[in-house]
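> Have a look at this one.
The values are calculated or read from the model by the stated rules, or taken from the named source; none is laboratory data. Worth saying up front: this structure is predicted, and the values here are computed from it rather than measured. As a convention, Cβ positions derive from the backbone with ideal geometry for all residues, glycine included, and neighbour counts pool all protein chains shown. Each accessible area value is taken on the protein alone, full model and side chains, heavy atoms only, with ligands, DNA and RNA left out. Shrake-Rupley method; radii C 1.70, N 1.55, O 1.52, S 1.80 Å.
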Amino acid sequence: METRFALFFFFFLSIALLSTPVFSDLVITKVDRKVENAGPDVVSQLLLTFPEYQAKKLAYLTASSAEGKGKSKGSSANLPVEVVQPEGVPPALTFYSVPLPRGLGKGESLNLDVFAVLTHSLQPFPEEITQADVQLVLFQDSAHYLSPYEVKAQVLSIKLPSPRVESFTKIQNTKLVDSEIKYGPYENLPAFSYSPIIVHYENNRPFAVATELLREIEISHWGNVQITEHYKLEHGGARTKGGFSRIDYQARPNVRGASSFRRLIVKLPPRAHSVYYRDEIGNVSTSHLWADSRKTELEIEPRYPMFGGWKTFFTVGYGLPLHDYLFESDGKRFLNISFGSPIAEVALPEGSKDISVSVPFSVKQWDEVKYSHLDISGRPVVVLEKKNAVPEHNSHFQWYEVQATVQKLHEIMVRCLTVHDKLEASLRDLSRTGDVQACKATRKAADSLLKELSKDLKPLLVFLQSSLQAAQIYQKVEELVVKEKELQEKLMLKHTMVVDAYEKKSAGRELENRIAALQQKLTTLRQEVDDLIDVIDEI
């Protein structure tokens, strides 16, 4: 199959808006851009470009396409991204290929969002500081968006954690406002345009780096999933030189320890129980736990504050109800649980077979055997390892294949509710104008559109019902479809009753009495539908 890349001369970016928060040791880059094909041939692929020093630190990269802007922007599944080596390009650049959701002909355009996470991209400068010093770091980038295509218009925004900026590269159209530096707008930039910039600023956010993190997931026959996480944590910021005074720290921690951190928040799944936090000495009592129906948060405090270069070791453990994460379909069971760490060991019950794993990113995988109490042949263990893991990798096993389907279903449901709103609006217009024919025309158009949406919905439901990966969410989806159908039927009944009453010139009081109970049911159903949509979005 032939792969067609955009010719550098013909394909250009008409808008490139870059937002780069540089708060902790992670640099997050968001690019909202509009691409347009100015050449004669249809283009189906797009190239993303990173300089070599950024490509080595790139931990996470996604690209997605969505129409509209702001709240009106439609949802879209992530597009696959892969490394490529085009011919005739500078060797110090790394290229990633993104297949477009549709081929772009001459003059056609598409909105594309690119999200990247870079690790260890902030360099402490100076590299060593005392307990009383604040931490200063250097951030390096390009004021011009590096691209193999011509850039028609572009703005770069660098968001800092504090307004204290020691220095930054000043070029044309540069502005510092509070804690944000803006470069641009720049227009008509040639392909591979690069303008190096350096920002030197204060950053006392926690540079907490898990140099080693092992997550053990053990599935029990007795209705429990036991999670044990072993941390080797290091402060990755400027190393501390000189002595440490606990008296000074306790007296003025914000001054005599500005670059240190003392507490961390561990976000646990809902309904986590039997939570503990301990280190090599034993249980650590300086922790607090908050929990509700949606989340559980554990605040942990090491035995000493963490300064640059200091390390600590600890373990966090908790249990989860098995029925929330283990599902069965067609005689097979599957576990749907988040990745959560660079190394995850999943210990299955003894006798498990035909084991397969689906993870939405590349991992190194191997199998082991673990022996526990009363085991004979041992428990099969699947080990997954991910280099340079970041919080964005904390996604569920086997979950990514159904995301696009659920997003399409969500869009259809939103369109159905929009039709419902139009029907209600037509009844309000009828009470104001008395135009029965206009109300009937709205009803006819709504019937036609709802039938089309129902037709589009059927293959999505069939896929979700047949997919093992969708077992956790399908029950809620099915409930949502049933509730929306009931809401639709009762709304149509109300519409018919009101229109008939106007045609027969029935009294207003009599009409209100007839639809009062129906309206109450409609209000309840609409709230239930909205709540189910929120639940599905959250899952």
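> So for the range 398-410 (the condition being assigned to a helix (DSSP H, G or I) and modelled with pLDDT of 85 or more), does at least one residue qualify? Outline the logic, then answer.
Let us first name the residues in the range 398-410 that are assigned to a helix (DSSP H, G or I), namely 400-410.
Subset that is modelled with pLDDT of 85 or more: none.
No, the range 398-410 contains no residue that is assigned to a helix (DSSP H, G or I) and modelled with pLDDT of 85 or more.
> Another question, if that's okay. Anything in the range 296-328 that is at pLDDT below 90, in a strand (DSSP E or B) and open to solvent by 30 Å² or more (accessible area, probe 1.4 Å)? List them, or say none.
Passing the criteria: Leu326, Phe327, Glu328.
> Here's another thing I want to ask about it. Going through Ser426, Ser454 one at a time, which residue ends up being free of Cβ contacts under 8 Å to residues at least 12 places away in the same chain, part of a helix (DSSP H, G or I) and open to solvent by less than 70 Å² (accessible area, probe 1.4 Å)?
Values: Ser426 fails: free of Cβ contacts under 8 Å to residues at least 12 places away in the same chain.
Within the list Ser426, Ser454, the selection yields Ser454.
> When you scan the range 215-284 for strands (runs of 3 or more DSSP E) that lie fully inside it, which ones turn up with 3 or more residues that are open to solvent by less than 80 Å² (accessible area, probe 1.4 Å) and within 30 Å of Pro126 (Cβ to Cβ)? Talk me through it step by step, then tell me what you get.
Values: elements: 224-235, 264-268, 273-278.
Ranges flagged: 224-235.
> Going through the range 144-199 one residue at a time, which ones are among the small types (Gly, Ala, Ser) and at positive phi?
Of all residues in the range 144-199, those among the small types (Gly, Ala, Ser) come to 147, 153, 157, 162, 167, 179, 184, 191, 193, 195.
Within the range 144-199, Gly184 is the sole residue that qualifies.
> Additional query: Against the conditions (1) at pLDDT 85 or above; (2) surrounded by fewer than 13 Cβ atoms within 10 Å (Cβ to Cβ); (3) not in a strand (DSSP E or B); (4) not hydrophobic (A, V, I, L, M, F, W, C), where does Ser293 fall short? Just the number, please.
Evaluating Ser293 over (1) at pLDDT 85 or above; (2) surrounded by fewer than 13 Cβ atoms within 10 Å (Cβ to Cβ); (3) not in a strand (DSSP E or B); (4) not hydrophobic (A, V, I, L, M, F, W, C) leaves (1) as the failure.
> What is the residue count in the range 347-382 for residues that are among the acidic types (Asp, Glu) and within 19 Å of Leu322 (Cβ to Cβ)?
As a first pass, look at the range 347-382 and keep what is among the acidic types (Asp, Glu): 350, 354, 367-368, 375.
From what's left, within 19 Å of Leu322 (Cβ to Cβ): 350, 375.
Residues meeting the conditions: 2.
> I'm trying to understand the selection: among the residues of the range 257-272, which are β-branched (Val, Ile, Thr) and out of contact with any Asp or Glu (no Cβ under 6 Å at 6 or more places or on another chain)? If you could, list the steps in order and put the result at the bottom.
Of the residues in the range 257-272, the ones β-branched (Val, Ile, Thr) are 265-266.
Residue satisfying the conditions is Val266 alone.
> Further, regarding this structure: Which pairs have Cβ atoms under 8 Å, sit 6 or more apart or on different chains, and link a residue in the range 297-309 that is within 15 Å of Asp279 (Cβ to Cβ) and in contact (Cβ under 8 Å) with a residue 12 or more places away in the chain to one that is among the hydrophobic types (A, V, I, L, M, F, W, C) and part of a loop (DSSP other than H, G, I, E, B)?
Every condition considered, the pairs that remain are Ile300/Val284; Glu301/Val284; Pro302/Val284; Arg303/Ile281; Arg303/Val284.
> In the range 181-208, what count of residues is obtained for those that are part of a strand (DSSP E or B) and either among the acidic types (Asp, Glu) or open to solvent by 30 Å² or more (accessible area, probe 1.4 Å) (or both)? Lay out the reasoning, then the answer.
Going residue by residue through the range 181-208, those that are part of a strand (DSSP E or B) are 181-189, 196-202, 208.
Still in the running and either among the acidic types (Asp, Glu) or open to solvent by 30 Å² or more (accessible area, probe 1.4 Å) (or both): 182, 185, 187-188, 196, 198, 202, 208.
The total comes to 8.
> Within the range 482-506, can you find the residues that are of a type in the set (Asp, Glu) and within 32 Å of the chain's Cα centre (by Cα)?
Looking only at the range 482-506, we keep the residues that are of a type in the set (Asp, Glu), and these are 484, 486, 489, 500, 503.
Within the range 482-506, Glu484 is the sole residue that qualifies.
> A follow-up question, please. Going through Glu216, Glu166 one at a time, which residue ends up being at pLDDT 90 or above and assigned by TED's automatic domain parsing to the domain that holds Ser259?
Values: Glu166 fails: assigned by TED's automatic domain parsing to the domain that holds Ser259.
Just a single option satisfies the conditions, and that option is Glu216.
> Scan the range 152-176 for residues that are open to solvent by 20 Å² or more (accessible area, probe 1.4 Å), among the hydroxyl-bearing types (Ser, Thr, Tyr) and assigned to a strand (DSSP E or B) and report the count.
Adding up the residues that qualify gives 2.
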